[in-house]
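Where a number appears in this text, it was derived from the coordinates with a stated rule and is not lab data. Remember, predicted model here, so these are calculated numbers, not experimental data. Reconstructed Cβ throughout: ideal geometry from the backbone, glycine too, with neighbour counts over all protein chains shown.
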Amino acid sequence: MLKEKVNKCLQMTEDIMTSHYRGNHDVFKAHVHKACLWIGSIASEYYHGKEKIIEVLKEEKKELPDIILTSREFECVFQDRNSCTIVGRYIGITDMNNGELFRDMQRVTFGWKEEKEQLYIRHIHVSNPMANVQESEIFPHKLGIFTHEYMNMLLRKELKSEMIKIKDQQNVYHIIQLSNIIFLEAFDHRTLIHTTNGDFLTRMLLLDVEKKIMTINDKMIIRVHKSYAVNKYYIDSIQRYEMKLAGEYRIPISKQKYLDVLEKLHTRKMRGSGYEGKGIHT
């Protein structure tokens, strides 16, 4: 097969998979062979023939959410006079607007053949890594940690539309996005607000700042100590009586609040959850 046609197969393979997860199968329909075999990542997906495959894709389209493909890699691993094999891998992430959260890697193999100067897909095989277990793992902790971090990123993104107005010691008002608040610290009957854009001091008491935030979002801030309240979406890890936040902040947890903090984070009995995987020691 000529190099230019191999390159065309390479590009069409990527286009077909990208379009598939957006519900568009036009390119695929134009090039799938009448005798194509499709083996999918689900146990029941083993279909012969163009008509059957297109019929299944129509049904799947009704259930499949929009998925964005990232980290795409495709290459030709075999070619002869009139055929080539294209393999690829990518990470699929659900569109935020779907109301679902999913991320996974997938691999594909396309067998292309040239017949009467036309390019046809004779074989497709789609697979997902088994159980997403990393080397040396017996449980997919790394995936759990990544999913936890990704979820927190999305949650912080949602919080960007929520803001509070607070006056500092010089009576200057500051408009602060809730998503930028890392933690609150009591300081000599005032409150030091630590944000991703810097710190500033307000004359308000810690309790009053907490209440002000909770009128807008009552789930974001957790009181962990008489002098500290944290944004739970910035928690990296927890050990007995101390937590680590993004930015290498270390915050004490009072003995009286320790179990309550774990309960609020849904980690007290969930060993192996996102937080647990990042270093919770009870």
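Please report the net charge: other residues with Cβ closer than 15 Å to the Cβ of residue 256, K and R +1, D and E -1.
Charge balance in the 15 Å sphere: +3.
For region 160-264, which semi-axes, largest first and in whole Å, follow from the square roots of 5 times the eigenvalues of its Cα gyration tensor?
For region 160-264, the ellipsoid semi-axes come out as 22, 14, 13 Å.
Bin width 5 Å, alpha-carbon pairs only: give the P(r) of region 3-128 as whole percents, running from 0 to the bin holding the largest distance.
Pair shares across the bins are 2, 11, 21, 25, 21, 12, 6, 2, 1, 0.
Kindly flag which residue pairs out of 3/52; 8/61; 62/113; 29/52; 219/244 have an alpha-carbon separation exceeding 22 Å in this structure.
3/52; 8/61; 62/113
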